[in-house]
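Here is the structure we will look at.
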Amino acid sequence: MDYPMRSDLRAGNKFSDFELPDHTGELRKLSQLLRGFPAVLTFSRGYFCPKDRRQLTNYVIHLQPEFRVNYCKMITVSVDDKMNTNEVRDALGADWPFLMDPDRKLLHELEMVDTTDLAHGEIYIPYTFTLDRDRTIYKIYNGWWFVGRPTVEEIRMDLRALMSQRDDWLYPGSGKANVSTAGVP
């Protein structure tokens, strides 16, 4: 599938190990945030976008409690400044890292520039990536239309697929697959 972004950002390739300040101002590398676990990496249009707020609200309500116990990570990136980043994060009740790119350096590096919004300038095209623990891109969702953004269930399925590849996915010594066989003869 052809997406308007840097050509190496494709399923099976590694996402660059970029570094941006988080909502507290601390510089954070993508690999540092993953800490060896899969992640959902969302690029947000910004504080003003009702579609972004709806997407992230769904994640706060349904996924945030699960992320606390399943080791996977959620990361959001936008061009918002520190004040707007924290206002959005606080209004949502989100507890995951929001990374800030107000200088738009990463935006241009990744070639994800949405130039259609004249009121807000250059912003991210609303992509969401599911990444494996080593930053390998598993899936890419183009959220230009809201229905193109991943649902809570799609994220669960992506993360289950990634986690099930781990050597420690099964209970030690069980020797049995951890897959439901209900209804299978």
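Taking every DSSP bridge with both residues inside the chain, close to 65 percent are antiparallel. Shape verdict for the stretch 27-81, please, from the Cα gyration tensor: rounded (a/c under 1.5), prolate (a/b greater than b/c) or oblate. Judged from the Cα gyration tensor, the stretch 27-81 comes out oblate (a/c at least 1.5, b/c at or above a/b). Once backbone amide H atoms are built at 1.01 Å from N, residue 136 has 15 as its partners under 5 Å, excluding neighbours fewer than 5 places away on the same chain. Here the sum of -39500 (n - 2.57) over DSSP H runs of 4 or more residues, divided by the residues of the chain, equals -7000 deg cm²/dmol at 222 nm, to the nearest 500. According to the square roots a ≥ b ≥ c of the eigenvalues of the Cα gyration tensor, what is the shape class of the stretch 1-154, taking rounded for a/c under 1.5, prolate for a/b larger than b/c otherwise, and oblate for the remainder? Rounded, because the longest to shortest axis ratio a/c is under 1.5. Of all the options 52, 95, 167, the one that moves most in a Gaussian network model of the chain with Cα springs shorter than 10 angstrom is 167. Checking the Cα-Cα distances for 14/105; 14/82; 29/73; 51/105; 29/51; 29/105 against a 21 Å cut-off, the pairs over it are 14/82; 51/105; 29/51.
Heavy-atom accessible area per residue, the chain, 1.4 Å probe: how many Å²? Ligands and nucleic acids excluded, the result is 53 Å² per residue.
Between the stretch 130-172 and the stretch 41-108, how many Å separate their Cα centres? If you average the Cα positions of each part, the centres end up 17 Å apart. In the context of the full protein assembly, residue 14 retains an accessible surface of approximately 100 Å², using a probe radius of 1.4 Å and ignoring ligands and nucleic acids.
Name the shape class, rounded, prolate or oblate, that the alpha-carbon gyration tensor gives for the stretch 1-43, where a ≥ b ≥ c are the square roots of its eigenvalues, rounded holds for a/c under 1.5, and otherwise prolate holds if a/b is larger than b/c and oblate otherwise. It is prolate, given that a/c is not under 1.5 and a/b is the larger ratio. Taking every alpha-carbon pair under 8 Å whose residues sit at least 6 apart, the stretch 1-68 reaches a relative contact order of 13 percent.
For the chain, modelled as a Gaussian network with Cα springs under 10 Å, which listed residue fluctuates most, 44, 31, 164? Looking only at 44, 31, 164, the largest GNM fluctuation is found for 164. Taking 23, 120, 108 as the candidate residues, the one with maximal mean-square fluctuation in a Gaussian network model of the chain, Cα springs under 10 Å, is 120.
Based on the mean of other beta carbon atoms within 10 Å per residue, what is the order of 72-78, 146-152, 6-12, most packed first?
Values: 72-78: 23.6, 146-152: 14.6, 6-12: 12.0.
Taking the mean over residues of other Cβ atoms within 10 Å, the ranking is 72-78, 146-152, 6-12.
The values are calculated or read from the model by the stated rules, or taken from the named source; none is laboratory data. The shown structure was predicted, so the numbers you read here are calculated from the model rather than taken from an experiment. Here Cβ is always computed from backbone atoms with ideal geometry, including for glycine, and neighbour counts include all displayed protein chains. These area figures cover heavy atoms from the full protein model, side chains too; ligands, DNA and RNA do not enter into them. Shrake-Rupley method; radii C 1.70, N 1.55, O 1.52, S 1.80 Å.
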